[in-house]
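Report on the following structure.
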Amino acid sequence: MALLFADENFPMPTVQVLRNLGHDVQTVLQFGQAGLAVPDDEILRLSTQAGRYLLTLNRKDFIKLHAQQPAHAGIIICKVDADFTALAQRVDECLRMGPTALDGQLFRVQRKT
């Protein structure tokens with residue numbers, strides 16, 4: 001399964017469901033960076049350095065960073081969804097349906113209407 005890095009505002013219940021689905025998800029807290037207002041470019045650097053795809057709800061800022069810094073491990077941007085299980089399932093589906101390597105790619109996980 002995928003190596004993922006969840007930024008600080010990515011929902012922990014979704015992280016747990018992704019782990020239950022077999023993904024190796026680390027969080028900003030596990031990297032010792034929680035509550036420190038780490039800039040987005042540093043979060044992207046940390047995830048890339050760790051070789052993990054970044055999970056975020058911060059779509060606008062990470063779309064800009066993707067354009068400015070295309071050499072990253074991969075970014076998965078998600079729409080906010082209070083159904084944490086459904087969000088995790090859509091991320092899992094994205095990972096299963098996408099290429100085996102997400103390096104330098106930006107994926108958008110949308111809510112189903």
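Determine which member of the set ARG59, ARG96, ARG90 is basic (Lys, Arg) and either farther than 16 Å from ARG19 by Cα or touching a Phe, Trp or Tyr at 6+ places or on another chain (Cβ under 8 Å) (or both).
Details: ARG96 fails: either farther than 16 Å from ARG19 by Cα or touching a Phe, Trp or Tyr at 6+ places or on another chain (Cβ under 8 Å) (or both); ARG90 fails: either farther than 16 Å from ARG19 by Cα or touching a Phe, Trp or Tyr at 6+ places or on another chain (Cβ under 8 Å) (or both).
Being basic (Lys, Arg) and either farther than 16 Å from ARG19 by Cα or touching a Phe, Trp or Tyr at 6+ places or on another chain (Cβ under 8 Å) (or both) holds for just one of ARG59, ARG96, ARG90, which is ARG59.
ILE76 is checked against (1) in a strand (DSSP E or B); (2) surrounded by fewer than 21 Cβ atoms within 10 Å (Cβ to Cβ) and fails just one. What number does that condition carry?
(2)
Mind counting the residues in segment 77-97 that are closer than 15 Å to PHE10 by Cβ, without any contact (Cβ under 8 Å) to a residue 40 or more places away in the chain and of a type in the set (A, V, I, L, M)?
Final tally of qualifying residues: 4.
What number goes with the only condition from (1) surrounded by fewer than 18 Cβ atoms within 10 Å (Cβ to Cβ); (2) out of contact with any helix residue (DSSP H, G or I) (no Cβ under 6 Å at 6 or more places or on another chain); (3) at pLDDT 90 or above; (4) not hydrophobic (A, V, I, L, M, F, W, C) that ASP61 does not pass?
(2)
Which residues, taken from segment 84-112, are of a type in the set (Gly, Ala, Ser) and either in a loop (DSSP other than H, G, I, E, B) or within 14 Å of ILE43 (Cα to Cα) (or both)?
If we filter segment 84-112 for residues that are of a type in the set (Gly, Ala, Ser), which is where we start, we get 86, 88, 98, 101, 104.
Within segment 84-112, GLY98, ALA101, GLY104 meet the criteria.
Does at least one position in segment 19-26 carry a residue that is crowded, with 18+ Cβ neighbours inside 10 Å and touching a His at 6+ places or on another chain (Cβ under 9 Å)?
No, segment 19-26 contains no residue that is crowded, with 18+ Cβ neighbours inside 10 Å and touching a His at 6+ places or on another chain (Cβ under 9 Å).
Just checking, does segment 21-29 include any residue being modelled with pLDDT under 90 and either within 13 Å of PHE5 (Cα to Cα) or not in a loop (DSSP other than H, G, I, E, B) (or both)?
Initially, segment 21-29 is screened for residues modelled with pLDDT under 90, giving 28-29.
Cutting the leftovers down to either within 13 Å of PHE5 (Cα to Cα) or not in a loop (DSSP other than H, G, I, E, B) (or both) gives us 28-29.
The answer is yes, given that some residue of segment 21-29 is modelled with pLDDT under 90 and either within 13 Å of PHE5 (Cα to Cα) or not in a loop (DSSP other than H, G, I, E, B) (or both).
Of the residues ASP81, ASP61, ASP41, which single one is farther than 17 Å from ALA2 by Cα and in a loop (DSSP other than H, G, I, E, B)?
On the way: ASP61 fails: in a loop (DSSP other than H, G, I, E, B); ASP41 fails: in a loop (DSSP other than H, G, I, E, B).
Just one listed residue meets the conditions, ASP81.
The values are calculated or read from the model by the stated rules, or taken from the named source; none is laboratory data. Small disclaimer: the values here were computed from a predicted structure and weren't measured. Glycine gets a Cβ as well: all are built from the backbone with ideal geometry, and neighbour counts include every protein chain shown.
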